[in-house]
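> Have a look at this one before I ask anything.
The values are calculated or read from the model by the stated rules, or taken from the named source; none is laboratory data. These numbers were taken from a predicted model, which means no experiment stands behind them. Backbone-built Cβ (ideal geometry, glycine too); neighbour counts: all protein chains shown. Side chains included, ligands, DNA and RNA excluded: accessible areas come from the protein's heavy atoms. Shrake-Rupley method; radii C 1.70, N 1.55, O 1.52, S 1.80 Å.
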Amino acid sequence: MIAYNKESKIFHLKNQSISYVFGILKNGQLGHFHFGPKVGDDYDQGLFRNSVARPLTACCFEEDQAFSLDNERLEYPTYGTTDFREPAFQLMRENGSRVTGFTYERHEIIKGKASLEGLPATYANVPDDCETLKITMFDSVIGCYIILSYTIFKDAPVITRSVRFINEGQEDVKILRAMSTSIDLFDSNFDWLQLSGAWARERHIKTRRLCEGIQSVGSVRGASSTNHNPFVVLKRPSCNEFRGEAYGFSLVYSGNFLAQAEVNQDGVSRVMLGIHPQNFTWHLESGSTFTTPEVVMVYTEQGLNHLSQVYHNLYRNNLTRGQWKEKPRPVLINNWEATYFDFNEEKILEIARASKKLGIDLFVLDDGWFGKRNDDTSSLGDWHSNTAKLPNGIGGLAAKIRDMGLGFGLWYEPEMINKDSELYRKHPDWIIGDPDRRLSHGRNQYVLDYSRPEVVDNIFDQMCQVLDGAPITYIKWDMNRNITEAFSRMLSSDKQGELFHRYILGVYDLYERLTSRYPEILFESCAAGGGRFDPGMLFYAPQGWISDDTDSVERLKIQYGTSMVYPISSMGSHVSAIPNHQVFRETSLKMRGDVAYFGTFGYELDVAKMSEEEMNEVTDQIRFFKENQKLIHKGDFYRLVSPFEDGGNTTAWMSVSKDGEEALVGYYQVLGDVNNGFKRLKLQGLLPEKRYRVNDEYTATGDTLMHFGILIKPSNLIMPTSDDRSGDFLSYTYKLKAE
Ligand code: DGJ
């Protein structure tokens, strides 16, 4: 998969569908030549480079008017010579110089892929899955090395990249910027697609035309954030879901990030992704190393849907780890929206008993079970049972729930602390914050300084005490505020710029320790909903709560946008009560179920208060989900109608089993329409020749279903006298089974 041609000094990473080509330029730096469809073994730099003399350029060599980095497309651009675009990295010497000159030193090609120390990353299941190229660059003035790692996967149009800095020189240097990838695409005829939003409306799809200058999204909040996701796509303007060129860039990281494209005077687009340089510096002492997070780059000519499927498969098979990667996920019930903080053991047992009858697998006890917590003003940091509410402690409650035949899950917010807590009274200096200034709170809480190993140790020990004493099979790991007044009382002044990254390394460390010690526990990440829903989290927690907004209409956009990169099996989705607690909308139980099926599926309401009719419907929903869980979680997902287009009144999507034998379609209409024309929904991914039975009502071939479509029953044709009234908030599911 990886070749190096000595004469032309060209590296070519290639599989069935893509090529990634770059080479060593005349000055020893690396030039980027091609990332896209597979190309031939053309080992001639002249074919790929823009080496012509241009007016007013600064040139690298005195005798050569045509060699300017300003004209070159570069592989990991440096600051300081003839390239005036933003560099991928920047180092500062003790004398203040920011000029560096790393040149090619050597390379090696290895089977498989090494892990990244302390960081989440994709992995090979067997060494033959992929091949890795490691290129060592050296700056002889400062004695520093940079190792650029590239992995190409055998059966997927995927290249991953990460970078390691090694200081073997005599002096310390400061890393001012260290992106994980940088790539100069030949032109700028692209739309830039990002996933943006806010609390309760996470990951909405936004697109804009790329143009000269810099355009970017990022986060400096200490978490990847609800506002922007560490993922962007550059797609041709004509590219749609099923046709056309698109490049995806996804950062396997949960902290501050920057995703940026810079279009220069020649229309070359420099795309880079990595740790946000704002507030970031790293003191690279002589003898030390620094590793960037990994970026996963995907290229396709088959449209956005294919791009998403590539990410889904990779993140399901080569990022998610542990027992829960393969096992069917439990249908859970979470008590948060049912009780908030107002519960006691009897109330919890009542919900659990009712849940068991409905076929639910797991009961999750949310916020409020610890310390003396009855609202959001106290006890974060005191991870022992609130015995005023739970006289038998978590151990006693969990055992009772286990004896009912349910799993038991517990909520934690391990990174946070309230001032009203035993932990704060003992260790007031463990919070992040400048001691000379007033500190901002978020939801009355402060952030523990996870850059300090003793803080992580303390929380780990506290969690183990509970987990060792109770049959716990699931943890919801929440994180409800971002970092302000960023200052660590432990870090020296020259290391304060490391706080945000060290913080995330501390979070990963705790996750690693817990998941290794308790491999049977299913972790669900959460950050006030979807405030840290990123590939980094998926490495530890195979599912995440994608939003605090549980309204089924709002969820259409959130789930649709999230599916752009994240697999359906990773999306925490629950049926909740009406009126909905976020938007006060009333949708049918059917629609709430039909939307939540396309996720991990669970409930978040007081099932003990349901009518018999509702309970019967819920029982049917759970049975239906379990029958289709494998198809939904392991099949291929297709987006059919976008809630972000044409007024957003309809949304449709479907999952098709890997063997094409079954499919499940979800169709949703927000507002009823009046006497409108007939609608047909064209399906995707079916076997053209196969005949499918649709909802046990009729049969049609895959070809016909894909190219002519299924008729959607119009809401307005249902007679007002009929029981089957519809109107607003309609949903249909169609189950297809090959005969
Ligand atoms: C925010 C989460 O997103 C909710 O699901 C819930 O766990 C609350 N925190 C509890 O405080």
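> Please verify whether segment 311-318 includes one or more residues that are touching a Phe, Trp or Tyr at 6+ places or on another chain (Cβ under 8 Å) and more than 30 Å from Leu640 (Cβ to Cβ).
No; the residues of segment 311-318 include none that is touching a Phe, Trp or Tyr at 6+ places or on another chain (Cβ under 8 Å) and more than 30 Å from Leu640 (Cβ to Cβ).
> Let me ask you something else. Could you please let me know if Leu499 is more than 16 Å from the ligand (Cβ to nearest atom), over 30 Å from Val158 (Cα atoms) and part of a helix (DSSP H, G or I)?
yes
> Which pairs do you get when a residue that is over 15 Å from Gly660 (Cβ atoms), found in segment 691-705, comes within reach of a residue that is open to solvent by 10 Å² or more (accessible area, probe 1.4 Å) and of a type in the set (Val, Ile, Thr), reach meaning Cβ atoms under 9 angstrom, with the pair 6+ apart or on two chains?
Pairs that qualify, where the first residue is over 15 Å from Gly660 (Cβ atoms) and the partner is open to solvent by 10 Å² or more (accessible area, probe 1.4 Å) and of a type in the set (Val, Ile, Thr), are Asn695/Thr733.
> On to the next question. Output the number of the condition that Leu380 fails; it satisfies all remaining conditions of (1) more than 19 Å from Phe341 (Cα to Cα); (2) part of a loop (DSSP other than H, G, I, E, B); (3) in contact (Cβ under 8 Å) with a residue 60 or more places away in the chain.
Of the numbered conditions (1) more than 19 Å from Phe341 (Cα to Cα); (2) part of a loop (DSSP other than H, G, I, E, B); (3) in contact (Cβ under 8 Å) with a residue 60 or more places away in the chain, the odd one out for Leu380 is (1).
> Follow-up. Could you give every pair whose Cβ atoms fall below 9 Å, whose first residue belongs to segment 507-520 and is assigned to a helix (DSSP H, G or I), and whose second residue is among the acidic types (Asp, Glu) and surrounded by 14 or more Cβ atoms within 10 Å (Cβ to Cβ), counting only separations of at least 6 or pairs across chains?
Going by the 9 Å Cβ cut-off, the qualifying pairs are Val507/Glu415; Leu510/Glu415.
> Among the small types (Gly, Ala, Ser) and outside any strand (DSSP E or B): does that describe Ser196?
no
> Here is a check on your reading of the model: is Ile24 among the aliphatic types (A, V, I, L, M), more than 15 Å from Phe186 (Cβ to Cβ) and touching a Gly at 6+ places or on another chain (Cβ under 9 Å)?
yes
> Scan segment 398-446 residue by residue and report those that are assigned to a loop (DSSP other than H, G, I, E, B), charged (D, E, K, R) and within 16 Å of the ligand (Cβ to nearest atom).
Glu413, Glu415, Arg443
> Looking at segment 514-526, is at least one residue in contact with a Cys (Cβ under 9 Å, 6 or more places away or on another chain), within 26 Å of Ser547 (Cα to Cα) and within 16 Å of the ligand (Cβ to nearest atom)?
The answer is no; no qualifying residue exists.
> Here's something else I'd like to know. Is at least one residue of segment 124-132 hydroxyl-bearing (Ser, Thr, Tyr), open to solvent by less than 10 Å² (accessible area, probe 1.4 Å) and more than 21 Å from the chain's Cα centre (by Cα)?
There is at least one residue in segment 124-132 that is hydroxyl-bearing (Ser, Thr, Tyr), open to solvent by less than 10 Å² (accessible area, probe 1.4 Å) and more than 21 Å from the chain's Cα centre (by Cα).
> Additional query: If I ask for residues that are basic (Lys, Arg) and in contact with a Leu (Cβ under 8 Å, 6 or more places away or on another chain), which ones from segment 642-696 would you list?
Of everything in segment 642-696, those that are basic (Lys, Arg) and in contact with a Leu (Cβ under 8 Å, 6 or more places away or on another chain) turn out to be Lys679, Arg680, Lys682, Arg693.
> Another one. Of the conditions (1) open to solvent by less than 60 Å² (accessible area, probe 1.4 Å); (2) touching a strand residue (DSSP E or B) at 6+ places or on another chain (Cβ under 8 Å), Asp41 satisfies every one except a single condition; which number is it?
Exception for Asp41: condition (1).
> In segment 199-215, what count of residues is obtained for those that are assigned to a loop (DSSP other than H, G, I, E, B) and open to solvent by less than 20 Å² (accessible area, probe 1.4 Å)?
Here the count works out to 2.
> Quick one: Pro542 ticks every box in (1) in contact with a helix residue (DSSP H, G or I) (Cβ under 7 Å, 6 or more places away or on another chain); (2) within 16 Å of the ligand (Cβ to nearest atom) except a single one, so which number is it?
Failed condition: (2).
> It is to be established whether one or more residues within segment 84-106 are in contact with a Leu (Cβ under 8 Å, 6 or more places away or on another chain), aliphatic (A, V, I, L, M) and open to solvent by 40 Å² or more (accessible area, probe 1.4 Å).
Scanning segment 84-106 turns up at least one residue that is in contact with a Leu (Cβ under 8 Å, 6 or more places away or on another chain), aliphatic (A, V, I, L, M) and open to solvent by 40 Å² or more (accessible area, probe 1.4 Å).
> While we're on this one: State yes or no: is Gly218 open to solvent by less than 30 Å² (accessible area, probe 1.4 Å) and outside any strand (DSSP E or B)?
The answer is no for Gly218.
> What residue, among those in segment 336-348 that are within 12 Å of the ligand (Cβ to nearest atom) and touching a residue at least 40 places away in the same chain (Cβ under 8 Å), is most open to solvent (accessible area, probe 1.4 Å)?
The extreme case among them is Trp336.
> Polar (S, T, N, Q) and within 16 Å of the ligand (Cβ to nearest atom): which single residue out of Thr600, Thr619, Thr587 fits that description?
Thr600
> Then there is this: What number of residues in segment 248-280 are among the charged types (D, E, K, R) and within 27 Å of Gln302 (Cβ to Cβ)?
1
> For segment 575-590, enumerate the residues that are surrounded by fewer than 22 Cβ atoms within 10 Å (Cβ to Cβ) and of a type outside the set (S, T, N, Q).
Result: Ala577, Ile578, Pro579, His581, Val583, Phe584, Arg585, Glu586, Leu589, Lys590.
> When you look at Asp366, is it open to solvent by less than 10 Å² (accessible area, probe 1.4 Å) and within 16 Å of the ligand (Cβ to nearest atom), yes or no?
Considered against the rule, which asks whether it is open to solvent by less than 10 Å² (accessible area, probe 1.4 Å) and within 16 Å of the ligand (Cβ to nearest atom), Asp366 comes out as yes.
> Can you name the condition, by its number, that Phe242 falls short on among (1) buried (at least 23 other Cβ atoms within 10 Å of the Cβ); (2) of a type in the set (A, V, I, L, M, F, W, C); (3) outside any strand (DSSP E or B)?
If we test Phe242 against (1) buried (at least 23 other Cβ atoms within 10 Å of the Cβ); (2) of a type in the set (A, V, I, L, M, F, W, C); (3) outside any strand (DSSP E or B), just (1) comes out false.
> Within segment 605-713, which strands (runs of 3 or more DSSP E) (wholly inside it) include 3 or more residues that are surrounded by fewer than 20 Cβ atoms within 10 Å (Cβ to Cβ)?
679-681, 691-694, 698-701
> Further, regarding this structure: Go through segment 545-568 residue by residue and tally those that are open to solvent by less than 10 Å² (accessible area, probe 1.4 Å), in a loop (DSSP other than H, G, I, E, B) and either closer than 24 Å to Val364 by Cα or out of contact with any strand residue (DSSP E or B) (no Cβ under 8 Å at 6 or more places or on another chain) (or both).
Count: 7.
> Which one of these is touching a residue at least 24 places away in the same chain (Cβ under 8 Å), crowded, with 22+ Cβ neighbours inside 10 Å, of a type in the set (Val, Ile, Thr) and closer than 19 Å to Arg639 by Cα: Val232, Val271?
One residue alone meets the criteria, Val232.
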